[in-house]
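Here is the structure we will look at.
The values are calculated or read from the model by the stated rules, or taken from the named source; none is laboratory data. Here the structure is a predicted model, which is why all the values come from computation and not from measurement. Glycine gets a Cβ as well: all are built from the backbone with ideal geometry, and neighbour counts include every protein chain shown. Ligands, DNA and RNA are stripped out before the accessible areas are found, and what is left, the full protein with its side chains, is counted by its heavy atoms. Shrake-Rupley method; radii C 1.70, N 1.55, O 1.52, S 1.80 Å.
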Amino acid sequence: MEAIRPVPRTLLRDRAYASIRDAIVAGEIGPGTVVRDADLAERLGLSRAPVREAFARLVDEGLLESKPQSYTRVTPVVAADVRDAAAVVGAMHELAVRIGVPRLGDADVEVMRAANERFAAAVRAGDVDGALRADDELHDVLVRVSGNRAAAATVARYTPLIRRLERQRFGEGGNCRSAGLHERLIEACADRDVAGAVRVTAEIWRGLEELADCD
């Protein structure tokens, strides 16, 4: 029975965090909704302690707001916050491109191509979750290959703020992302054209800074 060991507390905390974060980003727990650790702990099959730890992290990341002894609730989607987050995340992606493009292998480029095909198909089908998942997969190739853990952590921290509004826009029939821009990025990567890849990346993330203005 040596294989059966207690699940580390940090894993329970991370599980609670990821589940609650994803529900907020997906709109399953909408802006302004009051959340209670006891309720979510029961739904997740966890004790209240890891849920409280997840709440603290989500408050720090701007997805929850808390008033001691009063409430914890989901923050509203604020356009200025989205633009700020997109500016920071975009800068980290540009850094990842500068470091990562010279390190890319042909297999990495093919992973990006396949992700963009899934992205385009999902957009055509109105599959919001599929489109955003494929978009993450495409850009994560460069973040991973760059090997910059600080950039990766920053991207992971602030992307959910962007995703909430981006998902809303997709759901309204808008599309502030472009498979065509992705294709230009991929071609620059295939040519190991660092400057070209940086230019396209900057264009992609400038568009996301203006996401709140999309019709």
Open item on the list: Quick one: 3J(HN,Hα) in Hz for region 47-64, Karplus 6.51/-1.76/1.60 with θ = phi - 60°, rounded, Gly and Pro as x.
Closed with: 7, 6, 4, x, 5, 4, 5, 5, 4, 4, 5, 5, 5, 4, 8, x, 8, 10
Open item on the list: Against the empirical 2.2 N^0.38 Å scaling, what ratio does the C-alpha Rg of region 37-92 come to?
Closed with: 1.37
TODO: Any chance you could give the angle, 0 to 90 degrees and rounded to 10, that helix 194-209 forms with the longest Cα principal axis of the chain?
DONE: 40
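Over the chain, what is the relative contact order in percent, taking alpha-carbon pairs closer than 8 angstrom and at least six residues apart?
With pairs under 8 Å counted, the relative contact order is 25 percent.
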Open item on the list: Could you order the peptides 131-137, 66-72 from most to least packed, using the average number of other C-beta atoms within 10 Å per residue?
Closed with: 131-137, 66-72
Task: Most mobile listed residue (ALA202, ALA120, ALA38) in the chain, GNM with C-alpha springs under 10 Å - done: ALA38
Task: 0 to 90° range, to nearest 10: angle between helix 106-125 axis and the chain longest Cα axis - done: 70
Task: Isotropic mean projected area of the C-alpha convex hull, the chain (nm²) - done: 13.8
TODO: At q = 0.18, 0.30 Å⁻¹, work out log10 I(q)/I(0) for region 112-172 with the Debye formula, treating every Cα as an identical point scatterer and leaving solvent out; two decimals please.
DONE: -0.67, -1.16
TODO: Can you pull the one-decimal nm distance between simple spin-label points at ASP60 and GLU117, each 7 Å off the Cα toward Cβ?
DONE: 4.1
Open item on the list: Full-extension gain between ASP84 and ARG52, please, as 0.36 nm times their residue separation minus the C-alpha to C-alpha distance.
Closed with: 8.8 nm
Open item on the list: To test your reading of the geometry: what angle, between 0 and 90 degrees and rounded to tens, separates the Cα axis of helix 9-25 from the longest principal axis of the chain?
Closed with: 70
TODO: First compute the accessible area of region 14-81 with a 1.4 Å probe, then give the percent of it belonging to carbon and sulfur atoms.
DONE: 46
